[in-house]
1. Tally up the residues in region 300-313 that are surrounded by fewer than 16 Cβ atoms within 10 Å (Cβ to Cβ) and within 13 Å of the chain's Cα centre (by Cα), please.
2. I'd like the full set of residues that are closer than 27 Å to Pro108 by Cα and among the polar types (S, T, N, Q), limited to region 281-306.
3. Here is a list: Gly166, Gly158. Which entry is touching a residue at least 12 places away in the same chain (Cβ under 8 Å), closer than 30 Å to Ala233 by Cβ and either within 14 Å of the chain's Cα centre (by Cα) or surrounded by fewer than 17 Cβ atoms within 10 Å (Cβ to Cβ) (or both)?
4. What is the one condition in (1) hydrophobic (A, V, I, L, M, F, W, C); (2) free of Cβ contacts under 8 Å to residues at least 12 places away in the same chain; (3) surrounded by fewer than 13 Cβ atoms within 10 Å (Cβ to Cβ) that Ala233 does not satisfy?
5. Taking the conditions exactly as written (within 18 Å of Arg73 (Cα to Cα) and either crowded, with 19+ Cβ neighbours inside 10 Å or free of Cβ contacts under 8 Å to residues at least 60 places away in the same chain (or both)), does Leu27 satisfy them or not?
6. Across region 197-240, what is the number of residues that are over 22 Å from the mean Cα position of the chain (by Cα) and at pLDDT below 95?
7. Of all helices (runs of 4 or more DSSP H) completely enclosed by region 36-147, which ones contain at least 2 residues that are touching a residue at least 24 places away in the same chain (Cβ under 8 Å) and closer than 30 Å to Asn290 by Cα?
8. Can you report the number of residues in region 264-285 which are touching a residue at least 24 places away in the same chain (Cβ under 8 Å) and in contact with a Phe, Trp or Tyr (Cβ under 9 Å, 6 or more places away or on another chain)?
Amino acid sequence: MPSPPPAPGTGGVCLVVDEMHPSLLPLLAEIGVQADYRPDLTAADIPAALAAHPYEGLVVRSKLRVTAALLARGPHLRYVARAGAGAGTDNIDQPALAAAGVALLNAPEGNRAAVGEYALGLLLALFRNIARADHEVRRGQWRREANRGEEIGGKTVGLLGYGHMGRAFARRLAGFDCTVLAHDVDPQCAADGYAALVSLPELQARADVLSLHIPYSAANHHFVNAGLLAAFAKPLWVLNTARGEVLDHAALVSGLQAGTVRGAALDVLENERLSALTRAQQVAFDFLKNAPNVVLSPHIGGWTHQSYVRINEVLVEKIRAFRASQPEGPAGG
């Protein structure tokens, strides 16, 4: 149920426009922030809603793009809080926020454990043919030799991106007697005891598995393309729990057809609106959904009951810290 509109003149009010776990409102109340909970708003409704009240904050998931035009309708905004992972801020125009003096707060710590566990699950499902074997037994087939699998032990797992999600996956690989390598373009990225930081060419020379953990941006669109995949020295298994658009699905299909990609496990797709695929996207999806060495799931890597609450806890703590760091008084120009 939407919350009642905030009383005129009250301060510390944020507009929440997406469905959130019910723990959010009492958590915000504990730090002195009143939530105007309006998940009923459509993306088209939100600019007018922002203009109607001097909200200090906007809490979103993925309903709308936060652009300069939207921010102009909320001149009192001090922060936009994105309830999602570090790879999940692609609907936020960050230069526009910086230009408007609006802080971006997000909660990658909230679901990194869920994504790390799920990436491990996808790798096991891919190596051990779990989904395929399940379907076959349900159809009355008992095919043991055809489902002989691979072990993680002895493999080299290459992580493209070593932020919250890549590190969470590396931690969960620690007990599997495998080598974990990571490549990250951030010069501040630090090594830890779970993965060795290497150059992209070294990753390509050594990896048996490529797991994607980079955010989506215009610069990263189809970052993993035919050229990048062709540069791997070994036939490769590919995992993607990041964003579908960082992987060129046509190149992935070509690799699977040629055998240079041994299998793929995808929790994300280039276009997740399956009823609105382009012709090229439909061709790629038709191949992937019928390939016996491909595992697909509907973007649920970070989607657990525990992460649903934890994201709120992390986000509210970041809102509290941000508000505490700011001078008192109304925001806006």
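1. Number of matching residues: 2.
2. Of everything in region 281-306, those that are closer than 27 Å to Pro108 by Cα and among the polar types (S, T, N, Q) turn out to be Ser297, Thr304, Gln306.
3. Answer to the selection: Gly166.
4. (2)
5. Against the criterion (within 18 Å of Arg73 (Cα to Cα) and either crowded, with 19+ Cβ neighbours inside 10 Å or free of Cβ contacts under 8 Å to residues at least 60 places away in the same chain (or both)), Leu27 does not qualify.
6. Count: 0.
7. Per the criteria, 108-128, 130-138.
8. 6
The values are calculated or read from the model by the stated rules, or taken from the named source; none is laboratory data. Quick caveat, the model's predicted, so the values are computed rather than measured. Neighbour counts run over all protein chains shown; Cβ positions are idealised from the backbone, glycine included.
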